Each structure stands twice: as C-alpha cells, then as structure tokens.
C-alpha cells in the first residue's frame with residue numbers, strides 16, 4: 001500500500017479526517033515563514049488531540065540546537081529537516097534528538113540524486129522535493145520536478161515523492177517514479193495554507209484506485 005504523508009495541517013478535524021482515510025503521517029510546520037506555521041503551544045495541543053497511531057512529523061528548517069531544545073516537549077514521532085542542513089549537521093541532529101529523521105532534498109536533475117544517496121546514509125527516510133527557487137519557501141510551493149529523473153531508481157532506503165502533487169497528476173507521478181510513499185501539502189488546499197477536506201479525500205481515493213488498477217493489471 002502506498003503510504004501518504006499530509007503536511008501543513010492546522011485543524012484537529014483535518015487530522016481526524018486524515019486518520020480515517022488511512023493516511024499514515026501528518027506534518028506540522030514549525031517554520032515561522034510558512035503560512036502553515038504552528039507555534040509550540042498550538043502544535044502540542046494539536047498533537048494531544050490527535051488519534052493514536054498516526055505518525056506526527058514536525059517540519060523544521062535549519063534548526064539551531066536551542067530551537068530543538070525548545071520543541072523537545074512536543075510529542076513528535078519524527079522530525080523533518082527541510083532546510084539546507086549539511087550532512088554533518090544532520091549527523092549532529094540525529095545524535096541529539098530521540099526521534100527518527102526525514103531529510104528533504106531538493107532535486108532538479110539526475111546529478112542531485114548523488115546527494116540524496118549521501119543523506120540516505122544518515123537520515124532514516126528521505127523526502128525528494130522540487131529544488132526551491134531563491135525567493136521561494138523551502139517546501140510547499142506546489143512546484144513539481146521532472147519525474148523522469150527517478151526512472152529506473154531501485155533504492156533500498158525509504159523515500160517520499162513530493163513537489164506539486166495533486167489529484168490531477170498523482171497517477172502520472174506514481175507511474176513514472178514507482179514511488180511507495182508520497183508527501184503533499186499545497187495540492188489539497190483551497191488557498192495558501194488552508195486545507196480542503198474534499199481535496200484530501202479525493203486525493204486519497206485517487207491513490208487507492210490507482211493501486212486497485214495496478215493489482216488488477
């Protein structure tokens with residue numbers, strides 16, 4: 001079964017919907033410049049009211065040690081590093097925190113995949129996103145990359161496909177990349193930072209239909 005990570009959630013009802021739809025991971029954005037930002041107190045409250053069993057992921061961008069200490073009492077299952085953290089910094093963070101790490105890596109062409117493989121030696125999971133432009137946020141921009149970069153990839157490590165995924169393109173994305181995990185945020189929003197239950201539901205249904213057709217075939 002294809003695993004889904006829904007990022008940038010801010011409403012308890014949206015987390016409950018995600019859980020009921022079988023979404024495995026929910027992401028809470030702890031990065032102040034994002035329209036999906038949650039402060040520490042709000043994140044703690046949201047998690048305390050979340051259904052048991054769903055994986056709670058905190059998204060951070062180039063976090064300092066002080067920041068990591070400040071969010072250490074949030075009951076997260078995973079931490080997603082979505083900045084320009086170096087290989088050495090990821091090692092440092094991994095030794096400091098008591099949760100597993102997802103490292104997001106922006107790609108633009110095949111040579112970027114070499115860096116993906118290096119990060120995969122340290123992080124527990126990798127998230128492959130479109131490489132952000134200079135003036136854009138590090139993620140959640142609704143921009144896709146050329147999926148052909150990932151053709152014939154046979155990585156052993158777990159990885160998420162991200163970057164501009166939505167109900168209209170998810171079939172093509174899965175077919176071209178053979179991804180087993182997907183991450184989305186802006187693709188199920190009515191406006192910047194505001195999730196749509198209808199779009200979330202339709203996206204999940206589209207993936208399950210894709211799986212059904214794959215199994216029949």
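The values are calculated or read from the model by the stated rules, or taken from the named source; none is laboratory data. Here the structure is a predicted model, which means the values were calculated and not measured. Counting neighbours? That spans all protein chains shown, and the Cβs are built from the backbone with ideal geometry, glycine included.
Please go through the stretch 1-26 and give me each residue that is within 18 Å of residue 206 (Cβ to Cβ) and either surrounded by fewer than 16 Cβ atoms within 10 Å (Cβ to Cβ) or without any contact (Cβ under 8 Å) to a residue 24 or more places away in the chain (or both), ordered by number. Residues satisfying the conditions are 1, 20, 22. Screening the stretch 79-92 for residues that are out of contact with any helix residue (DSSP H, G or I) (no Cβ under 7 Å at 6 or more places or on another chain) and assigned to a helix (DSSP H, G or I) and picking the one that is nearest to residue 34 (Cα to Cα) gives 89.
When the residues of the stretch 140-169 are filtered to those that are in contact (Cβ under 8 Å) with a residue 40 or more places away in the chain and in a loop (DSSP other than H, G, I, E, B), which remaining residue is farthest from residue 198 (Cα to Cα)?
Here is the first cut: in the stretch 140-169, the residues in contact (Cβ under 8 Å) with a residue 40 or more places away in the chain are 140-142, 149, 153, 159-160, 162.
Imposing the further condition that a residue be in a loop (DSSP other than H, G, I, E, B) reduces the set to 140-142, 153, 162.
Working: 140: 19, 141: 20, 142: 18, 153: 33, 162: 20 Å.
This residue is 153.
Hey, could you check the stretch 188-217 for residues that are assigned to a loop (DSSP other than H, G, I, E, B) and either under 29 Å from residue 30 (Cβ atoms) or at pLDDT 95 or above (or both) and say which is nearest to the chain's Cα centre (by Cα)?
From the stretch 188-217, those assigned to a loop (DSSP other than H, G, I, E, B) are 192-193, 196, 217; that's our starting set.
Next, only the ones that are either under 29 Å from residue 30 (Cβ atoms) or at pLDDT 95 or above (or both) stay: 192-193, 196.
Working: 192: 17, 193: 15, 196: 17 Å.
In this case the residue turns out to be 193.
Cβ-Cβ distances below 7 Å connect the following pairs, each with a first residue in the stretch 75-96 that is within 18 Å of residue 57 (Cα to Cα), a second residue that is loosely packed, with under 13 Cβ neighbours inside 10 Å, and a separation of six or more residues or different chains: 96/65. Quickly run through the stretch 39-78 and pick out the residues that are on the phi > 0 side of the Ramachandran plot and either surrounded by 13 or more Cβ atoms within 10 Å (Cβ to Cβ) or in a helix (DSSP H, G or I) (or both). Across the stretch 39-78, the qualifying residue is only 62.
From the list 104, 123, the one residue that fits, being buried (at least 20 other Cβ atoms within 10 Å of the Cβ), in contact (Cβ under 8 Å) with a residue 12 or more places away in the chain and assigned to a loop (DSSP other than H, G, I, E, B), is 123. Of all residues in the stretch 147-170, those being within 18 Å of the chain's Cα centre (by Cα) and over 16 Å from residue 115 (Cα atoms) number 9.
Would you mention how many residues in the stretch 174-187 are within 13 Å of residue 143 (Cα to Cα) and not in a loop (DSSP other than H, G, I, E, B)? Walk me through how you get there before you give the answer.
Taking the stretch 174-187 first, the residues within 13 Å of residue 143 (Cα to Cα) are 183-187.
Now drop any that are not not in a loop (DSSP other than H, G, I, E, B), which leaves 183-184, 186-187.
So the answer is 4.
Please determine whether any residue of the stretch 28-38 is in a loop (DSSP other than H, G, I, E, B), modelled with pLDDT of 95 or more, closer than 23 Å to residue 161 by Cβ and in contact with a helix residue (DSSP H, G or I) (Cβ under 6 Å, 6 or more places away or on another chain). No; the residues of the stretch 28-38 include none that is in a loop (DSSP other than H, G, I, E, B), modelled with pLDDT of 95 or more, closer than 23 Å to residue 161 by Cβ and in contact with a helix residue (DSSP H, G or I) (Cβ under 6 Å, 6 or more places away or on another chain).
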